[in-house]
């Protein structure tokens, strides 16, 4: 595998959280298992779990595209899913509160994440989080993993009022970083349509974290592609 070569020296690094630093899939699985264990008469089979994940991903994709509000997603997600999947009515607010509580408990690390952050922190890079997640959930996951200690600031879409990849989200971020310079900044994330598209829209370099070697079927071309966090550590350490 050919090593990437960075085209410039970066100072400011913007990191996504989910499936870049913390394993969202594992957190989601555990949260669903806990949620279903509180319900009688239904079982969380592999099919049900996959159906939920696909449904949930479609909602977040619509929110990325500005076709669905965060409030609408959170207020109807479980009502719609359980109605379609099981033909049953549930109290969305109660389900959502339970699920988000369980989801916030998941802070399994992506392999190499702590070593990477420790090294970058030692080298005095300016590290920031940029995420579309739910503020209460992401804040707790970062705190419980102790990753929050590495970052100067955490930018969460729920607080900024805009979603990645919208330019307004990044304008908010840039305006709240002292002496920010586009040409010395790099965004690192696993989502082509959120992280990479957002970075391109905002005029900064992009690094696609692609551990599963997915094909890029989008129009968004990252400046760099890496398949492990150790690759990032080696390159930024040069």
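The values are calculated or read from the model by the stated rules, or taken from the named source; none is laboratory data. Here the structure is a predicted model, which is why all the values come from computation and not from measurement. Every residue, glycine as well, gets a Cβ built from its backbone with ideal geometry; the counts of neighbours run over all protein chains shown.
Applying the selection to region 1-43, what residues are over 24 Å from residue 236 (Cβ atoms), touching a residue at least 60 places away in the same chain (Cβ under 8 Å) and in contact with a helix residue (DSSP H, G or I) (Cβ under 9 Å, 6 or more places away or on another chain)? Hits for region 1-43 are 27, 28, 30, 31, 32, 34, 35, 38.
Considering 116, 120, the condition of being crowded, with 16+ Cβ neighbours inside 10 Å, closer than 30 Å to residue 235 by Cβ and touching a strand residue (DSSP E or B) at 6+ places or on another chain (Cβ under 8 Å) is satisfied by 120 alone.
Yes or no, residue by residue, for (1) surrounded by 17 or more Cβ atoms within 10 Å (Cβ to Cβ); (2) out of contact with any helix residue (DSSP H, G or I) (no Cβ under 9 Å at 6 or more places or on another chain); (3) touching a residue at least 60 places away in the same chain (Cβ under 8 Å):
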{"residue": "130", "(1), (2), (3)": "yes, no, yes"}
{"residue": "133", "(1), (2), (3)": "yes, no, yes"}
{"residue": "168", "(1), (2), (3)": "no, no, no"}
{"residue": "171", "(1), (2), (3)": "no, no, no"}
{"residue": "182", "(1), (2), (3)": "no, no, no"}
{"residue": "192", "(1), (2), (3)": "yes, yes, no"}
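The sole residue among 53, 67, 61, 83 that is modelled with pLDDT of 95 or more and within 23 Å of the chain's Cα centre (by Cα) is 53. Against the test of being at pLDDT 95 or above and either over 24 Å from residue 203 (Cβ atoms) or in the same structural domain as residue 124 (by TED's automatic domain parsing) (or both), the options 47, 38 yield a single qualifying residue, 47.
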